[in-house]
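*Asks:* Sharing a structure here in structure tokens format.
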There are 2 protein chains.
Amino acid sequence: MNTLLQNISLSISEKVYLKNPESSKLGQSIIMESVNLIDEIGFENFTFKKLSIEIKSTEASIYRYFENKYKLLAYLIFWYYAWIEYRLLFRITNIDDPNEKLKRAVILLSEEVEEDSTHTHINEIKLSRIVITESSKIYLNKNVDKDNSDGIFKPYKDLTQRISDIVLEINPTYKYPHMLVSTVIEGAHHQRFFSKHLPRLTDTIDGEDSIVSFYLELVNKSIQPC
Amino acid sequence: MNTLLQNISLSISEKVYLKNPESSKLGQSIIMESVNLIDEIGFENFTFKKLSIEIKSTEASIYRYFENKYKLLAYLIFWYYAWIEYRLLFRITNIDDPNEKLKRAVILLSEEVEEDSTHTHINEIKLSRIVITESSKIYLNKNVDKDNSDGIFKPYKDLTQRISDIVLEINPTYKYPHMLVSTVIEGAHHQRFFSKHLPRLTDTIDGEDSIVSFYLELVNKSIQPC
DNA sequence: CCAAAATGATAGTTATACTATTAATTCTGT
DNA sequence: ACAGAATTAATAGTATAACTATCATTTTGG
């Protein structure tokens, strides 16, 4: 998988960048260091000025790649979702039982990312923490409709659609496949955050990842026709 | 209920304000107009400068009530959750069947707010839109642990706890009551937002509020011991 | 090796997020 | 009703963020 990942490039809408950061050393270091810096100081405190110091470049140069820091964040988030979809395909190839496919999908969506494929210049562990804390900021704003019509949410929609299709394979009459899947994706992020910072909103059980267990059970029961 | 609401004051941690906005005309107009302004232009574009113009006062005066705009937002969000808990108590008094109580709670959490009690100086319809779009911004940041230790999240935790208790009345062995309830609260907000801006992530069904139906079914099935 | 493209260095603009000071107004208790 | 206290208004000022513009320097590809 790692060897494949370095050869394919995850497709992200051209509307999120002015110049493809994959296309140059500088662009790649913008991506790599922005992940480190956002993870460290949080998106609110993150500025292009600070990033330019980290990468020993200038604000103006970063602005040649991204219009503003929200677009850069969008790039990172959608890179992540494209990466998740890519891993999903890997985990379900050659599996025929749709129940098993769905189980693997839900685990992928709700488990903690611990794997950092050293073959990309992005630290996936840090990026997954950024996704948990910052991802909603790319759509919870007044630009969402324009961004959506620019197609930037495609990787997210594609992932949701793909898993919804598995749900419908199991139960073609289930009425809310997309809501179920987007509830799991967003919910898993929230529960991860809550378990760390607001544990009273969650339920911890020794010796198990209760976020994974919770969503596995929730999805299973929800799609039963009973 | 409205007559009661004007007499009780919803309890919000004193840590979110410097001076209680309920205690003066100026404070009340800060609250009232901030709801109008945030709903209109979004929290990112909202500034104390703009608010001061709306209320025909000054930035400095607003700063005497709230440390910064995040604290003001926190005040609004927790006012909302305290209001929701208050309405919950009203809707479930004299109901004995825990299944009916839970049903009413889930409806309250997932339905659209259409009721504006003219007896408060807060427009609840606008506030509910603010909660949908902006509420996560009060905890998805680097201050969350300090804010939490200041107790500002209490109204949210109280509401979650109260509904979790109903879940446990129905099924005392259910392992994830808090996660289920917080998933419904946050999820309902997200689904409301998606249905308006990213409908591909949801499922719309003619003639019904599919967000309410989805969460009613999800909760019901999840807590079945089967 | 030369031209074009990319990057760096620097400066400047506007807006935000505050803090400080003093004057004017309003409230409170006797 | 009035003095003193508290609150609010008016104004100014600082630091930083979020850009834009210009020109010099470096890198790269044919």
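The values are calculated or read from the model by the stated rules, or taken from the named source; none is laboratory data. Predicted model, so just to flag it, every value in this text is computed and none were measured. Positions of Cβ are backbone-derived with ideal geometry, glycine not excepted, and every protein chain shown enters the neighbour counts. For accessibility, only protein heavy atoms count, side chains too; no ligands or nucleic acids. Shrake-Rupley method; radii C 1.70, N 1.55, O 1.52, S 1.80 Å.
*Asks:* On each of the three principal axes of the Cα atoms of region A:130-226, give max minus min coordinate, whole Å, ordered largest first.
*Replies:* 44, 38, 16
*Asks:* Regarding region A:153-205, what are the three Cα extents along the principal axes, ordered largest first, in Å?
*Replies:* Between the extreme Cα coordinates on each principal axis of region A:153-205 lie 36, 25, 15 Å.
*Asks:* Another question, if that's okay. Separation of region A:43-64 and region B:164-226 by C-alpha centroid, Å?
*Replies:* Region A:43-64 and region B:164-226 have Cα centres separated by 41 Å.
*Asks:* While we're here: How far apart, in nm, are two points set 7 Å out from the Cα along the Cα-to-Cβ line at residue A:99 and at residue B:60?
*Replies:* Using points 7 Å along Cα→Cβ, the separation is 7.1 nm.
*Asks:* Still on this structure, please answer the following. Keeping every protein chain present and rolling a 1.4 Å probe, give me the accessible area per residue for region B:2-222 in Å².
*Replies:* Working: 9540 Å² over 221 residues.
In whole numbers, region B:2-222 has 43 Å² accessible per residue.
*Asks:* Okay, moving on. Mind checking the mean number of beta-carbon atoms from other chains within 10 Å of the Cβ atoms in B:186-198?
*Replies:* Numbers: counts 9, 8, 1, 2, 10, 6, 0, 4, 7, 1, 2, 7, 11.
Taking the mean over all residues of the peptide, I get 5.
*Asks:* Here's another thing I want to ask about it. For the Cα atoms of chain A, what angle does the longest principal axis make with the long axis of helix A:124-134, in degrees from 0 to 90, nearest 10?
*Replies:* 80
*Asks:* Here's another thing I want to ask about it. Once you charge only the Cβ atoms, +1 for Lys and Arg and -1 for Asp and Glu, what is the size of the charge dipole of the protein assembly as shown about its Cα centre, to the nearest 20 debye? Intermediate values should be presented prior to the final figure.
*Replies:* Details: 54 positive and 64 negative charges, 251 e Å.
Using Cβ point charges on Lys, Arg, Asp and Glu, the protein assembly as shown gives about 1200 debye.
*Asks:* Separate question: From the helices alone, meaning DSSP H stretches of at least four residues, give me the mean residue ellipticity at 222 nm for chain B, per-run term -39500 (n - 2.57), in deg cm²/dmol to the nearest 500. Each step should come with its number before you reach the end.
*Replies:* Working: 11 runs with 138 residues, N = 226.
Mean residue ellipticity at 222 nm (helix-derived): -19000 deg cm²/dmol.
*Asks:* Among B:84, B:32, B:70, whose Cα sits farthest toward the positive end of the charge dipole of region B:2-222 (+1 at Cβ of Lys/Arg, -1 at Cβ of Asp/Glu, about the Cα centre)?
*Replies:* The Cα lying farthest towards the positive end belongs to B:70.
*Asks:* Grab the Cα-Cα distance for residue B:161 and residue B:173, subtract it from 0.36 nm times how many residues apart they are, and report the gain in nm with one decimal.
*Replies:* Working: separation 12, 0.36 × 12 = 4.32 nm, distance 1.59 nm.
Extra length from residue B:161 to residue B:173 when fully extended: 2.7 nm.
*Asks:* Would the protein assembly as shown count as rounded, prolate or oblate if I go by the C-alpha gyration tensor, calling it rounded below 1.5 in a/c and otherwise prolate when a/b exceeds b/c, oblate otherwise?
*Replies:* On the way: a/c = 1.91, a/b = 1.12, b/c = 1.70.
Because a/c hits 1.5 or more and a/b fails to exceed b/c, the protein assembly as shown counts as oblate.
*Asks:* Also, I was wondering about something else. Which order do peptides A:140-146, B:38-44 fall in by mean Cβ count within 10 Å, highest first? Mind showing how you got there, number by number?
*Replies:* Values: A:140-146: 15.4, B:38-44: 17.7.
With the highest mean Cβ count within 10 Å placed first, the list reads B:38-44, A:140-146.
*Asks:* Which distance in nm do the two modelled labels at residue B:204 and residue A:28 give, with both placed 7 Å along the Cα-to-Cβ direction?
*Replies:* In this crude spin-label approximation the distance works out to 4.5 nm.
*Asks:* Moving to a separate point now. For the Cα atoms of chain B, what angle does the longest principal axis make with the long axis of helix B:177-197, in degrees from 0 to 90, nearest 10?
*Replies:* Long axis of B:177-197 versus the principal axis of chain B: about 70 degrees.
*Asks:* Measuring from label point to label point, each 7 Å out along Cα→Cβ, what is the residue A:15 to residue A:142 span in nm?
*Replies:* Modelled inter-label distance: 1.9 nm.
*Asks:* State to the nearest 20 debye the size of the charge dipole of chain A about its Cα centre, where the only charges are +1 on K and R beta carbons and -1 on D and E beta carbons. It would help to have the intermediate numbers written out before the result.
*Replies:* Values: 27 positive and 32 negative charges, 160 e Å.
The calculated dipole for chain A is roughly 760 debye.
*Asks:* Along the charge dipole of the protein assembly as shown, pointing to its positive end and built from +1/-1 on Cβ of Lys, Arg, Asp and Glu, which listed residue (B:16, B:183, A:117) has its Cα farthest out?
*Replies:* Looking along the dipole axis, the top candidate is B:16.
*Asks:* Here is a further query. What's the FRET efficiency of residue B:40 with residue B:226 using the Cβ-Cβ distance as r and R₀ = 41 Å, to the nearest 0.05?
*Replies:* Numbers: r = 48 Å, r/R0 = 1.17.
For R0 = 41 Å, the calculated efficiency reads 0.30.
*Asks:* Exceeding 28 Å between C-alpha atoms, which entries from my cross-link table qualify? They are A:71/B:71; A:137/B:154; A:25/B:69; A:19/B:71.
*Replies:* Numbers: A:71/B:71 26 Å; A:137/B:154 24 Å; A:25/B:69 39 Å; A:19/B:71 38 Å.
In this structure, A:25/B:69; A:19/B:71 exceed 28 Å between Cα atoms.
*Asks:* Quick one: pull the percentage of alpha-carbon pairs in chain B with a separation above 28 Å. Don't skip to the end; give the middle numbers.
*Replies:* Values: 8513 of 25425 pairs.
Within chain B, distances greater than 28 Å cover 33 percent of Cα pairs.
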